Amino acid sequence: MIENKSIKNSDLKSAVHDFWQENSCGEIYAKGIEYQEQLESQSRERYILEPHIFELACFNEGKGRDVLEIGVGMGADHLEWANADPKSLSGIDITLRVINFTRSRLELYGFI
Ligand SMILES: C[S@@+](CC[C@H](N)C(=O)[O-])C[C@H]1O[C@@H](n2cnc3c(N)ncnc32)[C@H](O)[C@@H]1O
């Protein structure tokens, strides 16, 4: 937890980066031998632990729209956006390694 209120924005951004870089969001739930199994395990646990995400995100409203997800993490939500059939789908993240997870997930499901 960051308690120093005078922390500079660049330091905060760097701390956020380092936090997520060490363990990607939900990576501890990526269990299994095969890569696809690990990604599915991660997303399954994500939505068991946080079932409210579907109500909040309204993935279906992405249909036909240009969707930008900021903070794709391991790509569970990004796959939901892709399944919603958007006009275009873009995603960014402050950590590079999650981009590989997200790209692989979309590849596995034939979106790339
Ligand atoms: C809760 S996780 C996202 C989970 C993801 N939507 C999924 O489906 O698994 C938050 C993500 O936001 C990213 N993030 C945090 N601050 C960011 C920023 N300023 N710009 C871009 N990404 C950021 C983190 O690196 C992390 O991967």
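The values are calculated or read from the model by the stated rules, or taken from the named source; none is laboratory data. Note that the coordinates shown come from a computational prediction; the quantities given were computed from them, not determined experimentally. Virtual Cβ from ideal backbone geometry, glycine too; neighbours counted across all protein chains shown. For accessibility, only protein heavy atoms count, side chains too; no ligands or nucleic acids. Shrake-Rupley method; radii C 1.70, N 1.55, O 1.52, S 1.80 Å.
Here are the numbers for the structure shown:
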| read-out | value |
| --- | --- |
| Computed over the chain: relative contact order in percent, which uses C-alpha pairs under 8 Å that are six or more apart | 23 percent |
| 10 Å Cβ shell holding at most 15 others, DSSP loop, trypsin sites (Lys or Arg not before Pro): longest site-free stretch of the chain | 32-62 |
| Carbon/sulfur fraction of accessible area - the chain, other protein chains in place, 1.4 Å, % | 53 percent |
| Axial C-alpha extent at least 15 Å, average Kyte-Doolittle at least -0.5 - helices from the chain (DSSP) | 97-108 |
| Proximal charge balance of Gly32 [Cβ under 11 Å; K/R count +1, D/E count -1] | -1 |
| Inter-label distance for Gln38 and His17, nm, one decimal - labels placed 7 Å from Cα along Cα-to-Cβ | 2.4 nm |
| At most 15 other Cβ within 10 Å, DSSP loop - GluC sites (Glu not before Pro), region 1-65 | Glu3, Glu34 |
| Inter-probe distance in nm under a simple model that places probes 7 Å from Cα toward Cβ, at Ile53 and Glu27 | 1.7 nm |
| Solvent-accessible area per residue, Å², over the chain with all protein chains present [probe radius 1.4 Å] | 69 Å² |
